[in-house]
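All remarks here apply to the structure that follows.
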Amino acid sequence: MENLFYLVPAASLIALLFAWIFYHKMKQEDEGTPTMRQIAQFVREGAMAYLKQQYKVVIIVFIILAVFFAILAYGFGVQNPWVPFAFLTGGFFSGLAGFIGMKTATFASGRTANACRTSLNGGLKVAFRSGAVMGLTVVGLGLLDIALWWIVLNLCVNEASEAQKLVVITTTMLTFGMGASTQALFARVGGGIYTKAADVGADIVGKVESDLPEDDPRNPATIADNVGDNVGDVAGMGADLYESYCGSILSTMALGASAFYAAGPAMQTKAILAPMLIAAVGVILSVISIFTVRTKEGAGMAQLLKSMSFGTNMAAILSGVASFGILALVFGTGDSNWWHFSLSVLAGLLAGVIIGKATEYYTSHSYRPTQKLAESSATGPATVIISGVGLGMRSTAIPVVTIGAAIVLAFLCATGFDTNIMADGVLSKGLYGVAIAAVGMLSTLGITLATDAYGPIADNAGGNAQMSELDPEVRERTDVLDALGNTTAATGKGFAIGSAALTALALLASYIEEIKIAIGRTAGAVINGVDAATASILDVLAEFNVSLMNPTVLAGVFIGSMMAFLFCGLTMDAVGRAAQKMVVEVRRQFREIKGILTGEGTPDYKRCVEISTKAAQHEMLVPSILAILVPVLVGVILGVPGVLGLLIGGLGAGFVLAVFMSNSGGAWDNAKKYVEEGHLGGKNSESHHATVVGDTVGDPFKDTSGPSLNILIKLMSMVSIVMAGLTVAFHLM
């Protein structure tokens, strides 16, 4: 049975191998004319310069936090001694995944534009397979990190019993998720501020005030805008989904060790191996499905969406079928758990598909919601904004109902439809089912993330084609790919937010498991009159009086809900301040540098890149540090009930708000694209100007605040888990 584990590192190496193959093949493609090469080089240098500055800041934060964890572990004994090291490795692998993905994207955009000079399918192939480098790198490094820690901790951890050893190992592994979450938040927030400051500045002054086309080389903010697509939508998204992917697997492992504690080490090991193996097989199926994505020349949006959907749906279907075989092999067909948990996996997969389709419906201009949003531009930008807000609010219904149904179904399937949570082991087994549903949803991340990372590559390809003054037909092809990218990016964000909700719920249960271990370490071994090692989740809740009638829990719920809105407010304000600086600079250059608008003068692109870089580094600190600090303070002041309330409130409000912001922003963007394709008056019409304003408002919605929320939800959970020892020690002194 334990030999099956070696499929996990093998799958990680397969993912990394194909990522290298796709990268190598992309590098063999022609980058085009000297002008195309020069523009790609400008974007590449700007992206790497930004990432270098960001990592300097993040390294300082990581060192401070690692030292703090070391003091708690070795000085006060309220922390697991492995935490500082696990925290650092989680952050390192998350940052590495983002770096590789962004490096690939900056090399791929020019080559995608050049491929579009020949055919649409050629451009799609280069862009999509380059996006696959990001997807496969994330799942490859994630599984590799998990496999290495599993091997190391099995060799090094010693406990009184094998069953308790497995609980300690899996809860320890959870802590490297905090490193991944912290890195992801800095990458998402910093990258989002960078890209939207440049994008808003380029749109307001370039498009609205000066009637310049998208990515016009006369616009000083154009290079910064293209750089931002990479640092925000590639590096940021990669780090984001890396921590979701790892978090779902790790929380399921921890819950498996706890749920089957009484059944003994053999059964625990099966429950721990199951999520790793589902993810490993999902990697292999994602690689196969990537090769199925292709299209015909002259394909429209509907055909392109069908091509992309075919690959992702094929991976989901194959993964669902494979999960039955994996769990039958792990648990044995004589144990009903194999098909109970298989149905839970299917619930997660189905939820992911439904959320993706709902997001596509509300954000793609192939469907009526976004077309109606574009039509509202006839009466000006105010009605575009009002309609976009309404669309985003309506769009929350399907994802929320879907996630709610998935949670209930996954829970019931795992328990064999036993609803008596007071019965021995039913609650733990049901929560394990919810956690493994999250693993199912993310098992095909290799191809799902490829469809997301593809978007900014296609967007940059369009910028390269425009600035290089290629044949208009090339720009038309890149615009089709870009519009598709807006939809796939919105779908990817919806998928990320949905997976965050399931993962955060699993982490909530894992927090209670960590509390059990912390109590055993700092305050004896009794919880609610029961030995800590065998205490159930209900025993922990009874020990701390966690109920909806406890005012401490309610206070935590309100604080958690407030955190979602406060975080969005801080990041929106940050984008606004940075964008103001960009607008002022672009206007200054138009005013002071003679001949820019006639094409005789050369804009100072470097200055705009510097403004976005400095603004992002400065503005990302407060919201990111707040996300780490608040769970610690709530734990110290309100204790375990307050923390649980915080996590519940943050999950509920953050999930709905994230869906709203992501879908509104995606719809505003594609409404603009719809007009630019020649509808409602086309480019430079009043309708176009109105939709550009809507898109400008939507930029921080969909690329900064919205997608950062799902990281906030998980980071608060991870911080709470890591700080569980301090919370318990402080309140039981």
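Hydrodynamic radius of the range 575-733 by the Kirkwood approach over all distinct alpha-carbon pairs: 19.1 Å.
Sort 251-262, 651-662 by the packing proxy (mean of other Cβ within 10 Å over each peptide's residues), most packed first. Display every interim value, and only then the final one.
Details: 251-262: 27.9, 651-662: 25.3.
Sorting 251-262, 651-662 by mean packing, highest first, produces 251-262, 651-662.
Evaluating 6.51 cos²θ - 1.76 cosθ + 1.60 at θ = phi - 60° for every residue in the range 390-395, the Karplus couplings come out as x, 4, x, 5, 5, 5 Hz, glycine and proline recorded as x.
Peptide packing: for 417-427, 133-143, the average count of neighbouring Cβ atoms within 10 Å per residue gives the ranking 133-143, 417-427, highest mean first.
Compute the Rg/Rh shape ratio of the range 1-114: radius of gyration over Kirkwood radius, all on alpha-carbon atoms. Display every interim value, and only then the final one.
Details: Rg = 20.0 Å, Rh = 17.4 Å.
For the range 1-114, the value is 1.15.
Histogrammed with a bin width of 20 Å, the alpha carbon distances of the chain distribute as 19, 53, 24, 3, 0 percent, first bin at zero. Measuring with a 1.4 angstrom probe and ignoring ligands and nucleic acids, residue 25 comes out at about 110 Å² accessible.
Using Cα pairs under 8 angstrom and six or more residues apart, how large is the relative contact order of the range 204-274, in percent?
Working: 26 pairs, mean separation 11.6, N = 71.
Relative contact order, the range 204-274: 16 percent.
Cα centroids of the range 352-370 and the range 388-432: 22 Å apart.
In whole percent, what relative contact order does the range 314-363 give with Cα contacts below 8 Å and a gap of six or more residues?
Relative contact order here is 34 percent.
Net charge around residue 17, counting only other residues with Cβ within less than 15 Å of its Cβ (Lys, Arg = +1; Asp, Glu = -1)? Present the calculation step by step, with values, prior to reporting the outcome.
Working: positive: 25, 129; negative: none.
Taking every other residue near residue 17 into account, the sum is +2.
Listed values for the range 176-182 are Karplus-derived 3J(HN,Hα) couplings in whole Hz (6.51 cos²θ - 1.76 cosθ + 1.60, θ = phi - 60°), namely 6, x, 5, x, 5, 5, 5, and x replaces Gly and Pro.
In this Cβ point-charge picture (+1 for Lys and Arg, -1 for Asp and Glu), the range 559-638 has a dipole of about 200 debye about its Cα centre.
Pairs of alpha-carbon atoms within less than 8 angstrom and 6+ residues apart define the contacts here; what relative contact order does the range 88-152 have, in percent?
On the way: 40 pairs, mean separation 27.1, N = 65.
Rounded, it is 42 percent for the range 88-152.
In this simple spin-label approximation, residue 45 and residue 547 carry label points 7 Å from Cα along the Cα→Cβ vector, and these lie 6.7 nm apart.
Note on residue 685 and residue 405: their simple-model spin labels are 3.8 nm apart, each label 7 Å out from Cα toward Cβ.
A full extension of the chain between residue 21 and residue 424 corresponds to an added length of 140.1 nm, given 0.36 nm per residue minus the alpha carbon distance.
Residues whose amide H comes within less than 5 Å of that of residue 596, counting only those at least five positions distant or on another chain, are 601 (H built at 1.01 Å from N in the peptide plane). Considering only 15, 590, 536, and ranking their Cα positions along the charge dipole of the chain that arises from unit charges at the beta-carbon of Lys, Arg, Asp and Glu, the one farthest toward the positive end is 15.
Which order, highest average first, do 669-676, 496-503, 303-310 follow once you tally other Cβ atoms within 10 Å for each residue and take the mean per peptide?
Values: 669-676: 27.9, 496-503: 29.9, 303-310: 18.4.
Top to bottom by mean Cβ count within 10 Å: 496-503, 669-676, 303-310.
Compute the distance from the alpha-carbon center of the range 668-733 to that of the range 156-214, in whole Å. Spelled out, the Cα-based centre of one part sits 13 Å from the other.
Subtracting the Cα-Cα distance of residue 566 and residue 397 from their residue separation scaled by 0.36 nm leaves 58.5 nm. Would you mind telling me the share, in percent, of accessible area of the chain contributed by carbon and sulfur at probe 1.4 angstrom? Taking all protein chains in place, the chain shows 65 percent carbon and sulfur surface. In the complete set of protein chains, residue-level accessible area for residue 209 is approximately 90 Å², probe 1.4 angstrom.
Converting phi to 3J(HN,Hα) with the Karplus coefficients 6.51, -1.76 and 1.60 and the offset θ = phi - 60°, the range 59-64 yields 4, 4, 4, 5, 5, 4 Hz in sequence order, with x at every glycine or proline. In this view, the solvent-accessible surface of residue 340, computed with a 1.4 Å probe and all protein chains in place, comes to about 30 Å². For the chain, a simple Cβ point-charge model (Lys and Arg +1, Asp and Glu -1, everything else neutral) yields a dipole of about 360 debye relative to the Cα centre. Extent along the principal axes, Cα only, for the range 165-233: 66, 15, 12 Å, with the longest axis given first.
At 20 °C and a viscosity of 1.002 mPa s, what translational diffusion coefficient does Stokes-Einstein give for the range 182-282, taking Rh as the Kirkwood radius over Cα pairs? Give it in µm²/s as a whole number. Before the final figure, lay out the partial values.
Details: Rh = 16.6 Å.
The Stokes-Einstein estimate is 129 µm²/s.
In the range 530-618, which GluC sites (Glu not before Pro) are in a loop and have at most 15 other Cβ atoms within 10 Å, using DSSP for the loop call?
Working: sites: 543, 585, 592, 600, 610; in loops: 600.
Here the GluC sites (Glu not before Pro) that fit, given the DSSP loop and packing criteria, are 600.
Residues 516, 594, sorted by accessible area with the largest first, give 594, 516 [1.4 Å probe; ligands and nucleic acids excluded].
Amide H to amide H distances under 5 Å link residue 526 with 532, where only residues 5 or more positions off or on other chains count and H is placed in the peptide plane.
The values are calculated or read from the model by the stated rules, or taken from the named source; none is laboratory data. If you're wondering where the values come from, they're calculated on a predicted model, not measured in any experiment. All Cβ positions, even for glycine, are placed from backbone atoms using ideal geometry, and neighbour counts span all protein chains on display. SASA here: full protein model, heavy atoms, side chains in, ligands and nucleic acids out. Shrake-Rupley method; radii C 1.70, N 1.55, O 1.52, S 1.80 Å.
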